[in-house]
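**Q** Okay, handing you the structure first.
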Amino acid sequence: EAGVAQSPRYKIIEKRQSVAFWCNPISGHATLYWYQQILGQGPKLLIQFQNNGVVDDSQLPKDRFSAERLKGVDSTLKIQPAKLEDSAVYLCASSRQGSSPLHFGNGTRLTVT
Amino acid sequence: AQTVTQSQPEMSVQEAETVTLSCTYDTSENNYYLFWYKQPPSRQMILVIRQEAYKQQNATENRFSVNFQKAAKSFSLKISDSQLGDTAMYFCAFMRDNAGNMLTFGGGTRLMVKP
């Protein structure tokens, strides 16, 4: 089966600009996650979707970050406006259901200058 | 809240030898899951091994095994017969039971396998 697809692979923007990341989960996976991994740290969960509904977004900085999962398949994560501290790898993951094994994509490395 | 601590930022091992990576965690939960993930330069997180807290038997996956000490809240990973392809970042992770894959990760250990 095809894995979790993410794009772009790399993105460089200036602070105060906006950026969007895209994720296509494995077909049939109902649950989708966005993680932020700052250099030298472990990933931190930003948001979890079950189909097209949000399960948990308690660690999402909602003043600048937003995410959606239209039609319960693809998802986009947006940052507007970006700050220097948003420089990180953004990982998308999916699972067939909440307790099934997680499958991760290759992530998007964001650099904010 | 749960915390996961990996006290070894970097480790190295000679090819074919054995290495142990340490992980400790803090939780008040009784039912939970522990994981070790591998992250090579491709950045994709790959599940190495999983342990259910209610199981006393330590999990084993080929060359990878864990030493799970529930009372001590310790969860170490042993890699036997290390291979060059094992070079990667390794992350320990915790998940509460019924938490829907909401993982808490440690800070990671960079492992280098030397030829």
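The values are calculated or read from the model by the stated rules, or taken from the named source; none is laboratory data. All values reported here derive from a predicted model rather than from experimental measurement. Using ideal geometry, Cβ is built from the backbone for each residue, glycine included, and neighbour counts are taken over all protein chains shown. Ligands, DNA and RNA are excluded from the accessible area calculation, which covers all protein heavy atoms including side chains. Shrake-Rupley method; radii C 1.70, N 1.55, O 1.52, S 1.80 Å.
**Q** To make sure I understand the rule: partners must be aspartates and glutamates, Cα under 14 Å from the Cα of residue A:83, and not fewer than 8 residues away in the same chain. Which ones qualify?
**A** A:14, A:63
**Q** Taking the Cα centre as origin and putting +1 on Lys and Arg beta-carbons and -1 on Asp and Glu beta-carbons, what dipole magnitude results for chain B, to the nearest 20 debye?
**A** On the way: 11 positive and 10 negative charges, 21 e Å.
Charge dipole of chain B: 100 debye, to the nearest 20.
**Q** Within 10 Å of each Cβ in B:35-47, how many Cβ atoms from other chains are there, averaged over the peptide? Mind dumping the intermediate values first?
**A** Numbers: counts 2, 0, 4, 0, 7, 0, 0, 2, 11, 10, 12, 2, 4.
Other-chain Cβ atoms within 10 Å of each residue's Cβ, averaged: 4.
**Q** OK, next. Hey, which lysines would be in cross-link range of residue A:78, C-alpha to C-alpha under 21 Å, not counting anything within fewer than 8 residues on its own chain?
**A** A:11, A:15, A:44, A:62
**Q** Over the range A:3-113, how many percent of alpha carbon pairs lie in each 5 Å bin up to the one with the longest distance?
**A** Answer for the range A:3-113: a P(r) of 2, 14, 25, 27, 19, 10, 4, 1 percent.
**Q** Roughly how many debye, to the nearest 20, is the charge dipole of the protein assembly as shown about its Cα centre, given +1 on each Lys and Arg Cβ, -1 on each Asp and Glu Cβ, and no other charges? Let's see the in-between values first.
**A** Numbers: 24 positive and 19 negative charges, 82 e Å.
Using Cβ point charges on Lys, Arg, Asp and Glu, the protein assembly as shown gives about 400 debye.
**Q** Further question on the same structure: What accessible surface, in Å², does a 1.4 Å probe find on residue A:55, ignoring ligands, DNA and RNA and rounding to the nearest 10?
**A** 80 Å²
**Q** Any number yet on Rg/Rh for the range B:3-114, C-alpha, Kirkwood? Mind dumping the intermediate values first?
**A** Details: Rg = 13.4 Å, Rh = 14.0 Å.
Across the range B:3-114, the Cα-based Rg/Rh ratio is 0.95.
**Q** Moving to a separate point now. Put B:36, A:22 in order of accessible area, largest first, 1.4 Å probe: what do you get?
**A** In descending accessible area the options line up as A:22, B:36.
**Q** Given all pairs of different Cα atoms, what value in angstroms does the Kirkwood hydrodynamic radius of the range A:33-77 take? Walk me through the intermediate numbers first.
**A** Numbers: mean 1/r = 0.0907 Å⁻¹.
By the Kirkwood definition, the hydrodynamic radius is 11.0 Å.
**Q** Can you find, among A:55, A:22, B:67, the residue farthest towards the positive end of the dipole of the protein assembly as shown? Put +1 on the C-beta of Lys and Arg, -1 on that of Asp and Glu.
**A** A:22
**Q** Other chains' Cβ within 10 Å of A:40-47 residues: what's the mean?
**A** That works out to 5 on average.
**Q** Work out the mean other chain Cβ neighbour count within 10 Å for the residues of B:92-105 and drop it here as an integer. Mind dumping the intermediate values first?
**A** On the way: counts 1, 3, 0, 2, 0, 1, 2, 4, 11, 14, 8, 8, 4, 7.
Mean shielding count: 5.
**Q** While we're looking at this one, here's another question. Compute, for chain A, the length of the dipole vector about the Cα centre, with Cβ point charges of +1 (Lys, Arg) and -1 (Asp, Glu) only. Units Debye, rounded to 20. Before the final figure, lay out each step's value.
**A** Details: 13 positive and 9 negative charges, 46 e Å.
About 220 debye.
**Q** With the full set of protein chains in place, find how many percent of the accessible area of chain B is carbon and sulfur; take the probe as 1.4 Å. Working shown, then result.
**A** Details: 2480 of 5680 Å².
Of all accessible area on chain B, carbon and sulfur atoms account for 44 percent.
**Q** Now, a different point. Can you list, bin by bin at 5 Å, the percent of alpha carbon pairs in the protein assembly as shown, starting at 0?
**A** 1, 7, 14, 18, 18, 17, 13, 8, 4, 1, 0
**Q** Right, next: May I ask you to evaluate 6.51 cos²θ - 1.76 cosθ + 1.60, the Karplus curve with θ = phi - 60°, for each residue of the range B:73-89 and list the ³J(HN,Hα) values in order in whole Hz, giving x for glycine and proline?
**A** 6, 10, 8, 9, 10, 10, 10, 9, 6, 3, 10, 4, x, 7, 4, 4, 8
**Q** To continue, here is another question. Sorted by mean Cβ packing within 10 Å, highest first, what order do the peptides B:77-88, A:83-94 take?
**A** Values: B:77-88: 16.5, A:83-94: 19.7.
Result, highest mean Cβ count within 10 Å first: A:83-94, B:77-88.
**Q** Among all the aspartates and glutamates, which ones have a C-alpha under 16 Å from residue B:55's C-alpha, if same-chain residues fewer than 8 places away are not counted?
**A** The qualifying aspartates and glutamates are B:29, B:97.
**Q** Report the percentage of all Cα-Cα pairs in the range B:1-53 whose separation exceeds 18 Å, rounded to a whole percent. Provide the component values of the computation, followed by the final result.
**A** Details: 663 of 1378 pairs.
Of the Cα pairs, 48 percent sit more than 18 Å apart.
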